[in-house]
Amino acid sequence: MSDKHPSAIVRISKSLFQLLNVSRKIIVNVVFFLVLFIFVIIFTNDEAEIIVPSKAALVLNIEGDVVEQKVEIDPLDAFLAEATDQPNDRPEVLLQDVLDAISIAKEDDRIQMIVLKLAKMSSANITKARMIAKYLQDFKTSGKKVIAVGDQFTQDQYYLASYADEIWMNPNGWLLLDGYGRYQTYVKSAFDKLAISQHIFRVGTYKSAVEPFIRDDMSQEAKEANRLWLSQLWAQYKTDVAAQREFSIDNFDESIDILLDKLEKADGKIAQYALNNHWVDQLKTHDQINETLLAMVGRNTQGNFNQIGFNQYLRASTPMVAVGGNADKVAVIVAKGTILDGEQPPGTIGGDTLAKYLKQARLNHHVKAVVLRVDSPGGSAFASDVIRHEIDLLKQAGKTVVASMGSYAASGGYWISAPADAIVASPTTITGSIGIFGFFMTFEKSLEKLGIFTDGVGTTDLAGFSIARPLNDKVAKVFQLGIERGYQDFIALVAKHRNMSLQEVDKIAQGRVWSGLQAQQLGLVDALGDLDDAISLAAELANLTNYETMLIEKVRSTEELFWQNIFTETSAFLPTRTKQTPDQLHILLNHVKQELTAVSTLNDPQGIYAKCIACELN
């Protein structure tokens, strides 16, 4: 037996080694052939060069959320997700890419018209949609048509469609406009059942960011504030659409009784109701749409109308922007996402990261003015002040700073906008929310139910602070004093830069949210306009007549750009996946997850936040 035992161990060891060796070879070979496959596709494909047809329609088929800046995703991760049929649930489209495509197409003789095909556009907050609409209107001044087609239209999609010369919808299509709402998920009772102790510190009657954790319903103050700015956005939506469709603003069926009456007259067919109500111009099936467009731009080799998609057109027509080395410049720096402490990737605002970009503008003697494009609900108060300090240094260096507010610039988003020489917002920007909060949870009661206790000694009253122990009332007062000090610093900052008294700021602060239009009336914003207007104003304030714009952002290394191009090109040859429409339960669970994530990702070193969570989720 003693002779056989070592022999068995040796055989097992050899088998394990062989298994590991074979596994290693398989992995290496898979990686090798994957890379080889990528290179073969790219360098042997005859259709690698995109040709824009001589007479074609640009199909503006936007897929995903329209954003000011994309969230950074590793290109290999994105490629593998696509290859394994696990694509990103919320793809993003850069707003500037959409604007560039429309602008180039206007001057491109090969492009005869634009076809808006928006079925896969997830969202384009009205502020961003108004920017796209402005470029569509400019496109039409060339004499070229814009046609919107779709089986159905969401509210965001329909806003853009209304700027088309004609809207064609499927006879079995769907179009109902439900206005704007702000509904949150409240979890106080759930936390009570779990015996979770919540400790909330805030200043501001209307600072409702933490309400979902301390209430089971929306407070009357929050309802009052939300109703006001939501009504402003809805009024702007109705005004814009009614002007484009040339009907009365009263044509929006906000009463369910009126809607039911019109639907009954249309025999229950939503598409017929939309036609009767002048929402759309014609009801056409897919083949009828194709045949009509065929007559307008001709036929391609696949038997469809002559066309080129948005992404292909961008790749074929990306403008070469020559930036002269010695020309005066207006630098544009995008601040998009939640404000967090430290270094953060694109799509999120890192206090240190954004400060670094502002410093680059300060040290570049060709940059005479800076436009800070803010699209943020706020976040860390500490990181916001790091950014504020760098803006002060920019101004001390004699450079003009203009804040350009996007969809929202609230709480910390307003904090970093306030020091600018001028603030430009869209009428539909969500801003204000000047208030401070802090909160954390302790689990001593939850642990007690499980028979787990914490005890010990410390040399001070502060020693042993832990989420496993109850919070001392006097320690809680320390936190509250810090929050109150933060609020005073916030309103003092606003008062200083907006030429207002502390009392005047406090009256319109208190965490209350305002629309851009209201903010201008209250003195929180200087002018109404978009990014283009902000750039022009910055140049004017800096006394520039001949200047160039430049974007200061993360610079990718040569290696990063190489692999990004490799995987992007290869993804184009993967088979198209049919995406499943998520069910309502999936949507609800994602909504709850989004609300919890909005709070859990915050990382202020002192736990003090200037953030408008309701704005971010709108």
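Ordered from longest to shortest, the equivalent ellipsoid semi-axes for segment 383-519 are 39, 17, 14 Å, each the square root of 5 times a Cα gyration tensor eigenvalue.
Calculated FRET efficiency, Val457 to Lys477, Cβ-Cβ distance, R0 = 25 Å: about 0.65 to the nearest 0.05. Each label point was placed 7 Å from the Cα along the Cα-to-Cβ direction; for Asp257 and Glu107 their separation is 5.6 nm. Amide hydrogen proximity for Val371: with H placed 1.01 Å from N in the peptide plane, the residues at 5 or more positions away or on another chain lying under 5 Å are Ala331, Val332, Ile333, Val402.
Assuming R0 = 22 Å, can you tell me the calculated FRET efficiency for the pair Glu264 and Ala242, based on Cβ-Cβ distance, to the nearest 0.05? That gives a FRET efficiency of 0.35. Each residue of segment 483-489 was assigned a 3J(HN,Hα) from its phi angle through the Karplus curve 6.51 cos²θ - 1.76 cosθ + 1.60 (θ = phi - 60°); the sequence is 5, 5, 5, x, 5, 4, 5 Hz, with glycine and proline shown as x. Put in order of Cβ neighbour count within 10 Å, fewest first, the listed residues Tyr414, Tyr135, Tyr186 become Tyr186, Tyr135, Tyr414. Each residue of segment 210-224 was assigned a 3J(HN,Hα) from its phi angle through the Karplus curve 6.51 cos²θ - 1.76 cosθ + 1.60 (θ = phi - 60°); the sequence is 9, 4, x, 9, 10, 9, 9, 7, 7, 5, 4, 5, 5, 4, 4 Hz, with glycine and proline shown as x. Label-to-label distance, Ser219 versus Gln288, with points set 7 angstrom from Cα along the beta-carbon direction: 5.4 nm. Shown for Leu175, Leu502, Leu99: other C-beta atoms within 10 Å of each C-beta, ranked fewest to most, produce the order Leu502, Leu99, Leu175. Ranking of Leu94, Leu260 by neighbouring Cβ atoms within 10 Å, starting from the fewest: Leu260, Leu94. For Thr549, the residues 5 or more places off, or on other chains, whose built amide H falls under 5 Å of its own are Val330.
Amide H contacts of Glu166: Val146, Ala148, each under 5 Å away and 5 or more positions distant or on a separate chain (H built 1.01 Å from N in the peptide plane; Pro and chain starts excluded).
Every read-out reported here was derived from the displayed coordinates using simple, explicitly stated rules and does not represent laboratory data. Because the structure is a prediction, the values reported are computed rather than measured. Glycine also receives a Cβ, built like all others from the backbone with ideal geometry; neighbour counts cover every protein chain displayed.
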